[in-house]
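First comes the structure, then the notes that go with it.
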Amino acid sequence: MPELIAPTVRLHAAWLEAQDEWGPGAHEDGFGLLPSDEVDSPTGFATWVARLEAESEPAKAHDAGRVPCTYRWIVESERVLGGIALRHELNDFLLRVGGHVGYGIRPSARRRGLATWALGRMLGEARALGLDRVLVTCEVDNIASARTIEHHGGVLEDVRDTELGTARRYWIKL
């Protein structure tokens, strides 16, 4: 049975295994991984996990372009299957491109309903934050993600070209 947990240094090796499965390059949005993050060493990984934890606290100052964000990992039997992020507010970039929620499931764990399950759980957290609707986006050709969003009542606002490619933009009323 999967669970959503806060990022933890305890799962360093399991997280690296998931990252290796995805391959090099940009990684799934739900992990909050930046190009400047060094996650291979225990010290670098701990620094990254601490940053993710700090970003979840709205009262703390955030780097330019960053908003408060709650990160959760999708874990089953000490194996990291994916990640999901709930941004507490939208800035201009997130309104155009990223939305309130970003998620990703490692390739070997896809087609099990994990993204649908995790999104449902994070929508509960969004309600608890006082949000009345959330923006969720996906690449235009990511039919599985579009179905996940639509499963939770996502209403397609539009399809548009963005800095990161063509995206579907959905609003989910909470």
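Brief remarks follow.
- Single unsatisfied condition, H27 versus (1) modelled with pLDDT under 90; (2) farther than 24 Å from R147 by Cα; (3) open to solvent by 20 Å² or more (accessible area, probe 1.4 Å): (2)
Results for (1) surrounded by fewer than 16 Cβ atoms within 10 Å (Cβ to Cβ); (2) outside any strand (DSSP E or B), shown as yes or no for each residue.
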position: L94; (1), (2): no, yes
position: G104; (1), (2): no, no
position: S108; (1), (2): yes, yes
position: L119; (1), (2): no, yes
position: M122; (1), (2): no, yes
position: E125; (1), (2): no, yes
position: L131; (1), (2): no, yes
position: T137; (1), (2): no, no
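- Close pairs from the stretch 116-144: first within 14 Å of H100 (Cβ to Cβ), partner modelled with pLDDT under 95 and open to solvent by 60 Å² or more (accessible area, probe 1.4 Å), Cβ under 8 Å, at least 6 apart: L135/L95
- Residues of the stretch 139-174 satisfying the condition of being among the acidic types (D, E) and open to solvent by 50 Å² or more (accessible area, probe 1.4 Å): E139, D141, E150, E157, D161, E163
- The single condition from (1) over 17 Å from R169 (Cα atoms); (2) more than 15 Å from the chain's Cα centre (by Cα); (3) without any contact (Cβ under 8 Å) to a residue 24 or more places away in the chain that F45 fails is (3).
- Within the stretch 52-66, the presence of a residue that is part of a strand (DSSP E or B), open to solvent by less than 70 Å² (accessible area, probe 1.4 Å) and modelled with pLDDT of 90 or more is excluded.
The values are calculated or read from the model by the stated rules, or taken from the named source; none is laboratory data. Note that the coordinates shown come from a computational prediction; the quantities given were computed from them, not determined experimentally. Virtual Cβ from ideal backbone geometry, glycine too; neighbours counted across all protein chains shown. The accessibility values were calculated without ligands, DNA or RNA, using every heavy atom of the protein model including side chains. Shrake-Rupley method; radii C 1.70, N 1.55, O 1.52, S 1.80 Å.
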